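**Q** Structure below; questions to follow.
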Amino acid sequence: MIARMAVVRAALIVGGLAAIAGFWWSSRTNPPIGVVVVTLDTTRADRLSPYGFMNVSLPHLERLAREGVAFDQATSVAPLTLPAHTSLFTGLLPPNHGVRDNSDTALAEGHTTLAEALLARGFRTGAFVGSIVLDPARGLKQGFERYQAVPASDHQAPESRQRRADEVMNDAIHWLDTVAGSRFFLWTHLYDPHRPYDPPEPYRSTYGHNLYVGEIAFADSQIGRLLQALEQRQLLDRTVVVVAGDHGESLGGHGERDHGIFIYEDVIRVPLILRAPALRPTRIAEIVRLTDVMPTVLDLLDVPSPPGDGVSLVDLMNGRSRDLNLEAYSESLYPQRLGWSPLRALRNGRFKLIDAPRPELYDLEDDSVEEKNIYDERRALAEQMTARLAVVAKGRGSPSTPQPQQGVGQDLQAKLASLGYLSSGGRHQSSSSDARPDPKDCVGSYTRTPGSPPVLPSCGPWHPTDDIDSIFPAPPPRR
């Protein structure tokens, strides 16, 4: 009898807790009236505390991960800002939207962006970006009623080509007050973790040993301001909030200091966190892609998604599906600007193939830092993945090779150069990709002493003015 009463009591407790949890979650199931997307430029997942990096305090990202869905294996399409953002907001891979480089042609108007899809449904739309790389002329202005970019300037210094996160967020929060009572879509782009790393105080002093992490901590503080603004307006629990990195930073991995050339996990694995009404907190270890963001957001809003390369992650987030078995494509055509071979990658499960003059295959479960190339050991698998990669890279009728200068004026090229992105002007261009050297053999050109011979003769000339340190002079301290 006592045992039976204990069982009944336990059942009542469990049932009561379930009822309380159900009531709490039902209080968050009002239809979302808002969408907020925060993109963190140049932010690698493994430098964030929600992903296990304990040498930084990121209370606001930690809160979002605790209250939302954190994706452990989110993959970018490219280590460059414009192609990655274009894929995020169209759900298309670069071969299919045609934007392959920061100074490539702008996104064609025939493509539908997330902003356009929501504007057509009566959403107010506003974008606030922190870098000239996302200038309105680059195509992502489509669908935004308000697009606040970096003000025009005649100066070529990097700091004149970007806006600090607090400036971006000031404008974004002010815009929220203009959409009271309306459904809205807000995008804020925080460029701060991009070189040169120059966080304001107190982050400069706190993270003087690692200013890159200090920039991320400063960006986190501005995300906190935005969350507070949403709460004060009683919007947070009726808003889909997405935080995504566009790409990472090599930080010396595989010989690359910054980003743009290689497509290793240092620059391709990005943070992705989503908080939304009626979604229970969870972590997801399966592969997802930036291309999945648009269809997921639209699915949460019960808005049809246009055809694309991404899929909705809603079933994965709410537990109706355990694994969508997604493959992830990434590319970097930026090495072509240096006369080197382009790089393309395909990840399927634990394996990742990189198509290069010397191809690479990695087992990411056993070798997360991509040091042991098992291409020869697993030749059959590698050839199977190579064939599949060729199909994906070909796209659906789009050219596989970009035309870097088409539609890009000298003024924009100069602005991009001031941020460290080379144009193709004056660069050695081989007649075919097969004839170009492997970037693995040439990346040392970035770290050698200016004026010394190139790593390999085939790597082409490298001038002292091309050195990244000369492109990014030490800025004056910011207060």
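The values are calculated or read from the model by the stated rules, or taken from the named source; none is laboratory data. Model, not experiment: these values are computed from the prediction. Neighbour counts run over all protein chains shown; Cβ positions are idealised from the backbone, glycine included.
**Q** Where the second residue is of a type in the set (Gly, Ala, Ser) and modelled with pLDDT of 95 or more and the first is within 20 Å of MET294 (Cα to Cα) and outside any loop (DSSP other than H, G, I, E, B) and lies in region 134-152, which pairs have Cβ atoms under 6 Å and are six or more apart or on separate chains?
**A** What qualifies is ARG146/GLY126; TYR147/ALA127.
**Q** Exactly one condition in (1) within 26 Å of GLU116 (Cα to Cα); (2) touching a residue at least 60 places away in the same chain (Cβ under 8 Å) is false for ASP315; which is it?
**A** For ASP315, the exception is condition (2).
**Q** Please indicate, with yes or no, whether at least one residue in region 300-307 is of a type in the set (S, T, N, Q) and on the phi > 0 side of the Ramachandran plot.
**A** Checked against the condition, which is being of a type in the set (S, T, N, Q) and on the phi > 0 side of the Ramachandran plot, region 300-307 yields no hits at all.
**Q** Against the conditions (1) assigned to a helix (DSSP H, G or I); (2) touching a strand residue (DSSP E or B) at 6+ places or on another chain (Cβ under 8 Å); (3) over 16 Å from ALA74 (Cβ atoms), where does GLY319 fall short? Just the number, please.
**A** The number of the failed condition is (1).
**Q** Take the residues in region 326-355 that are of a type outside the set (Asp, Glu) and surrounded by fewer than 20 Cβ atoms within 10 Å (Cβ to Cβ); name whichever of them is nearest to PRO437 (Cα to Cα).
**A** My answer is GLY339.
**Q** Now for a separate question. Confirm whether GLU116 is out of contact with any Phe, Trp or Tyr (no Cβ under 7 Å at 6 or more places or on another chain), assigned to a helix (DSSP H, G or I) and within 17 Å of TRP187 (Cβ to Cβ).
**A** Judged against the criteria, GLU116 is a match.
**Q** Please identify the pairs in which a residue from region 363-387 that is closer than 21 Å to PHE262 by Cα has its Cβ atom under 8 Å from the Cβ atom of a residue that is part of a helix (DSSP H, G or I), counting only partners at least 6 apart or on another chain.
**A** That search, which allows pairs on different chains as well, returns LEU364/GLU265; SER368/GLU265; VAL369/GLY253; VAL369/GLU265; GLU370/HIS254; GLU370/GLU265; TYR375/ALA382.
**Q** Among the residues of region 192-235, write down those that are among the polar types (S, T, N, Q), in contact (Cβ under 8 Å) with a residue 12 or more places away in the chain and under 24 Å from ILE173 (Cβ atoms).
**A** Scanning region 192-235 gives SER221, GLN222.
**Q** Can you tell me which residue among GLN142, GLN222, GLN162 is of a type in the set (S, T, N, Q), under 24 Å from SER332 (Cβ atoms) and crowded, with 16+ Cβ neighbours inside 10 Å?
**A** GLN162
**Q** Quick check on region 84-95. Is at least one of its residues more than 25 Å from ILE273 (Cα to Cα), surrounded by 19 or more Cβ atoms within 10 Å (Cβ to Cβ) and at pLDDT 95 or above?
**A** yes
**Q** Moving to a separate point now. So GLY110 passes all but one of these: (1) over 17 Å from the mean Cα position of the chain (by Cα); (2) over 19 Å from ASP309 (Cα atoms). Which condition number does it fail?
**A** (2)
**Q** Scan the strands (runs of 3 or more DSSP E) fully inside region 187-295 and keep the ones with 2 or more residues being of a type in the set (Gly, Ala, Ser) and within 16 Å of THR39 (Cβ to Cβ).
**A** The strands (runs of 3 or more DSSP E) meeting that bar are 239-245.
**Q** Taking the condition out of contact with any Lys or Arg (no Cβ under 6 Å at 6 or more places or on another chain), in contact (Cβ under 8 Å) with a residue 12 or more places away in the chain, under 13 Å from ALA127 (Cα atoms) and assigned to a helix (DSSP H, G or I), does ASP171 pass?
**A** Yes: the conditions hold for ASP171.
Matching residues to (1) surrounded by fewer than 22 Cβ atoms within 10 Å (Cβ to Cβ); (2) part of a loop (DSSP other than H, G, I, E, B); (3) among the charged types (D, E, K, R); (4) modelled with pLDDT under 95:
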residue	(1), (2), (3), (4)
TRP25	yes, no, no, yes
ARG28	yes, yes, yes, yes
PRO32	yes, yes, no, yes
THR39	no, no, no, no
MET54	yes, yes, no, yes
ARG63	yes, no, yes, no
